[in-house]
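Notes to accompany the following structure.
Every number in this text was worked out from the coordinates using simple rules, so none of it is lab data. Given the structure is predicted, the values throughout are model-derived calculations rather than measurements. As a convention, Cβ positions derive from the backbone with ideal geometry for all residues, glycine included, and neighbour counts pool all protein chains shown.
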Amino acid sequence: MGVRMKFIVLDLESTVQWVEDIDEETEKVTTVIDNSPFNPNNRIVTVHWRMLEINDATTYSDIIAGLGDAKRSIFHHNECNSPDSREELQKALNEADVFVAHNAKYDYMYLKEAGFDLPEIVRCTMIGEYILARGTEMSFSLEETAKRRNTEQKKLDITKEYFKKQIGFEAMPLEIVLEYGDADVLSCAQIFIQQYVEYLQEPNLTLNNIVELMNEMLIFLVEIERNGIRIDMDALVKIEEEFLKERAQIEKDLHKLAASVMGEEPFSLTSNVDISKIVYSREVVDPERHKDIFKLGKDRFGKKQYPPYMTDAQFRQAVRLTTKVVKKKSSLHCSKCNGYGKIRKFKTNGDPYKNETKCPNCGGAGYTLHDTDAIAGFKLIPERPSDASVHGFSASKVEMPRLIAQAQQSGKLAAAEFLTKKKRLNPLNTYINSFVEGIKRWTRTDGLLHAQFNQTIAKTGRLSSSKP
């Protein structure tokens, strides 16, 4: 990491916009924060920093002694009539050899967009923590990192309450914003110094090249994101129309195929329980026993459980113990409400109640369902303990190729067609909900999409993308 250098440890607070986004898996619309510097409505609220000098020191106590006082500049806040001068911050940036921040890409890019000259070397404490984790799954947020390392804790509870009410930093009391930002910088500095010392230790020396490479890549990603991608919205709309048309046809075909094997029982193609019935012709009769036998979910200590080893005979026995065969249903006219779905109750004096109530016999459907002798579903066979899920048995994209092969080999052509179309439906939903809608949502008014690339999300070290 180098010695005899001057570091600026910095944290930036900005305005944010609240926008609607759609979850790719559940297709639920949620409200997310858009804190991008490419949103024309966003501004830098405050910038907080401390200078840090390191001169051959190798212990935490020696290095922390070189940490300077807290500084800040206020640029956009409701309580301030005019912004602070940029000169003090720019002077500090000019004096620094290295730019340090947690999730440094965000702060570095905001300041770049604002026209500040920045140090050419960056050290992101989020990246530093990610590399030291060596693939261990954990949160690398400043809050969680500070908790693990027992550093200065910012008053998150205060700001969180404001954000819940969609009150941004520019509208929060300035005293709270300044306290929050100063605490952020101190916490980041303490984390950085701890990491600095750890990277000097023998077991971690070989990681320094990775740290340098990932931080160099960070600067490269800043340039990519700032340049953006120009989107042809007319072409995107045409692609969306094609996908929507294909999805509508597949959903129609899937419903027809499922209805042919399920009798008159209603079903939903988005329900994992119903898909398990349709594909495997079985349903869970004892959910708790099913979860216990197949080790589903977490144990009593909160640790993830893994499928148990079973012989073929043991697995077949377990399937019979926790599930039963699903029968096709036939419907009968409800005799209690005569198919109306509602009944009128009477008082003890014989007078009728004003409002009708749902028929308890049919649940308001107007008909009742009864088992026939025929088995419902496509009658595919679960093959191993890992096929089990809390809903019965899984037909996710992981199992799909094997299930299609099983259906083809056993001559169940309708099942193979159903699964093949279901397999195609999954990426179609992703294309429409995540890609097309995501691109439309996050493309700015100038026609540029500034996708956000993440270096510390995937355990494998690969890049991931968000927004979209």
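Subtracting the Cα-Cα distance of Asn78 and Lys160 from their residue separation scaled by 0.36 nm leaves 27.6 nm.
Dipole of the chain computed with +1 at Lys/Arg Cβ and -1 at Asp/Glu Cβ about the Cα centre; of Ala57, Val100, Ile127, farthest Cα towards the positive end is Ile127. Label sites at Glu143 and Glu113, each approximated as a point 7 angstrom past Cα along Cα to Cβ, lie 2.3 nm apart. Using the Cβ-Cβ distance between Glu242 and Gln153 with R0 = 51 Å, the FRET efficiency computed as 1/(1 + (r/R0)^6) comes to roughly 0.50. Taking a straight Cα-Cα cut-off under 17 Å and skipping sequence neighbours fewer than 8 places away in the same chain, the aspartates and glutamates within cross-link reach of Lys238 are Glu246, Glu437. The reciprocal of the average 1/r between distinct C-alpha atoms defines the Kirkwood hydrodynamic radius, which for the range 394-465 equals 15.1 Å. Here the residues Trp18, Trp442, Trp49, ranked from fewest to most Cβ neighbours within 10 Å of their Cβ, fall in the order Trp18, Trp442, Trp49. Taking θ as phi - 60° and the Karplus parameters 6.51, -1.76 and 1.60, the scalar couplings of the range 415-430 work out to 5, 4, 5, 4, 5, 5, 5, 5, 5, 5, 5, 4, x, 4, 4, 5 Hz in sequence order, x denoting glycine and proline.
Between the range 209-266 and the range 344-416, the C-alpha centres lie 30 angstrom from each other.
A Förster distance of 41 Å, applied to the separation of the beta-carbon atoms of Glu198 and Leu428, puts the FRET efficiency at 0.30.
In terms of distances greater than 23 angstrom between alpha carbons, the cross-link table entries Lys252/Lys358; Lys6/Lys467; Lys28/Lys328; Lys277/Lys358; Lys71/Lys105; Lys28/Lys467 yield Lys252/Lys358; Lys6/Lys467; Lys28/Lys328; Lys277/Lys358.
Label-to-label distance, Ile457 versus Ala65, with points set 7 angstrom from Cα along the beta-carbon direction: 4.4 nm.
The Cα-based radius of gyration and maximum Cα-Cα distance (Dmax) for the range 5-125 are 17.2, 54 Å. For the chain, a crude dipole built from +1 on the beta carbon of Lys and Arg and -1 on the beta carbon of Asp and Glu, taken about the Cα centre, is about 3180 debye to the nearest 20. If R0 is taken as 45 Å, the Cβ-Cβ distance between Leu269 and Met5 corresponds to a FRET efficiency of 0.15. So for the chain: antiparallel DSSP bridges make up what percent, rounded to the nearest 5? Once the DSSP bridges in the chain are tallied, antiparallel ones form about 85 percent.
In order along the range 322-337, the Karplus-derived 3J(HN,Hα) couplings, from 6.51 cos²θ - 1.76 cosθ + 1.60 at θ = phi - 60°, round to 9, 9, 9, 5, 8, 9, 5, 10, 10, 9, 10, 4, 5, 6, 6, 10 Hz, and Gly and Pro are given as x.
Panel order for Ile457, Ile343, by other beta carbons found within 10 Å of each beta carbon, from fewest to most: Ile457, Ile343.
About the centre of its Cα atoms, the range 248-339 shows a dipole size close to 260 debye [charges on the beta carbon of Lys, Arg (+1) and Asp, Glu (-1) only; nearest 20 debye].
For Arg344, the shell of other residues with beta-carbons less than 10 Å away shows a net charge of +2, using +1 for Lys and Arg and -1 for Asp and Glu. Going toward the positive end of the dipole of the chain, with +1 on Lys and Arg Cβ and -1 on Asp and Glu Cβ, which of Ala313, Val211, His77 do you reach last? Towards the positive end, the residue furthest out is Ala313. Potential lengthening of the chain between Ala414 and Glu179 amounts to 78.2 nm, from the contour at 0.36 nm per residue minus the alpha-carbon distance. Each Lys and Arg adds +1 at its Cβ and each Asp and Glu adds -1 at its Cβ; summed about the Cα centre, the range 55-209 shows a dipole of about 480 debye.
Annotation: amide H of Gly364 within the under-5 Å range of Cys359, sequence separation 5 or more or interchain, hydrogens built in the peptide plane. For the chain, the relative contact order comes to 15 percent (Cα pairs under 8 Å, sequence separation of at least 6).
Ranked by how many other Cβ atoms sit within 10 Å of their own Cβ, fewest first, the residues Cys124, Cys359, Cys80 fall in the order Cys80, Cys359, Cys124. Our coupling estimate for the range 52-64, obtained by passing each phi through the Karplus curve with A = 6.51, B = -1.76, C = 1.60 and θ = phi - 60°, is 9, 10, 10, 10, 6, 6, 10, 10, 4, 5, 6, 6, 5 Hz, Gly and Pro reported as x.
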